[in-house]
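Note sheet for the following structure.
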Amino acid sequence: MKAAIITSSDSGYAGEREDKSGPVIREILEANGYEVVHTILLPDDRKMLAEEMARIADAKMAELIVTTGGTGFSSRDCMPEATKDIVEREVPGIPEAMRAYSMTITPRAMLSRAAAGIRKSTLIVNLPGSPKAVRESLEYIIPALEHGLQILTGEAANCARK
């Protein structure tokens with residue numbers, strides 16, 4: 001499976017802060033057999049983020065887009081809204097599962113506004129912005145993502161367990 005990574009950060013985009021979460025996503029994805037075909041760091045700009053996610057999905061560049069950043073309470077945080085602007089079907093169970101798991105680590109996990117959804121044959125998943133939270137969240141959900149992506153792309157016919 002091919003994957004793309006989008007980091008949302010005004011300070012990173014301005015060159016004032018290093019993106020540490022994007023590389024963590026790449027490491028985990030590649031360790032789980034994904035080919036990372038695209039990475040980009042964008043500002044916290046709803047239109048730019050939505051356009052980039054739509055472009056990747058519409059061009060069939062990747063079956064999975066993983067985003068990091070922009071899921072908090074800051075007035076500039078807009079990744080969930082950008083995601084919801086372009087998905088055709090929401091997948092609320094993914095961020096619900098990440099929040100439930102993360103709540104066992106920190107009560108602040110309830111503050112995440114992450115979203116997930118499907119556009120065409122691409123799954124989009126928002127992760128938090130910190131490298132620690134990215135690792136915890138992605139490592140928790142990645143085993144289930146494989147089967148979901150197999151269903152989405154037609155490689156598997158149903159969700160019944162063997």
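For a protection proxy built on the mean count of beta-carbon atoms within 10 angstrom, sort 33-39, 57-63 highest first, please.
Per-residue mean Cβ counts within 10 Å order the peptides as 57-63, 33-39.
If you roll a 1.4 angstrom probe over the protein chains with everything in place, what fraction of the accessible area of the chain belongs to carbon and sulfur, to the nearest %? Write out the running numbers ahead of the final one.
Numbers: 4250 of 8360 Å².
Carbon-and-sulfur percentage of accessible area, whole number: 51.
For every other residue with a beta carbon closer than 14 angstrom to the beta carbon of residue 131, add +1 if it is Lys or Arg and -1 if Asp or Glu, then tell me the sum.
With Lys, Arg at +1 and Asp, Glu at -1, the net is 0.
Per residue, how many Å² of accessible area does the chain show with a 1.4 Å probe?
52 Å²
For segment 1-74, what class follows from the C-alpha gyration tensor (a ≥ b ≥ c being the square roots of its eigenvalues): rounded when a/c is under 1.5, otherwise prolate if a/b is larger than b/c, else oblate?
Because a/c hits 1.5 or more and a/b fails to exceed b/c, segment 1-74 counts as oblate.
Cross-link list 2/47; 47/132; 60/132; 47/120: which exceed 22 angstrom alpha carbon to alpha carbon?
2/47; 47/132; 60/132
How large is Rg/Rh for segment 1-152, to two decimals, with Cα atoms and a Kirkwood Rh?
0.92
Going by average Cβ density within 10 Å per residue, which order do the peptides 116-125, 133-142, 73-82 take, highest to lowest?
Listed from highest to lowest mean packing, they are 116-125, 133-142, 73-82.
Which length gain, in nm to one decimal place, applies between residue 106 and residue 59 when the Cα-Cα distance is subtracted from 0.36 nm times their residue separation?
13.1 nm
Hey, can you list the DSSP H helices of the chain whose Cα span along the axis is 24 Å or longer and whose average Kyte-Doolittle score is at least -1.0?
Answer set is 131-153.
The values are calculated or read from the model by the stated rules, or taken from the named source; none is laboratory data. In this text, all values refer to a predicted model and were calculated from it rather than measured experimentally. Counting neighbours? That spans all protein chains shown, and the Cβs are built from the backbone with ideal geometry, glycine included. Just the protein is used for accessible areas: all its heavy atoms, side chains included, with ligands, DNA and RNA removed. Shrake-Rupley method; radii C 1.70, N 1.55, O 1.52, S 1.80 Å.
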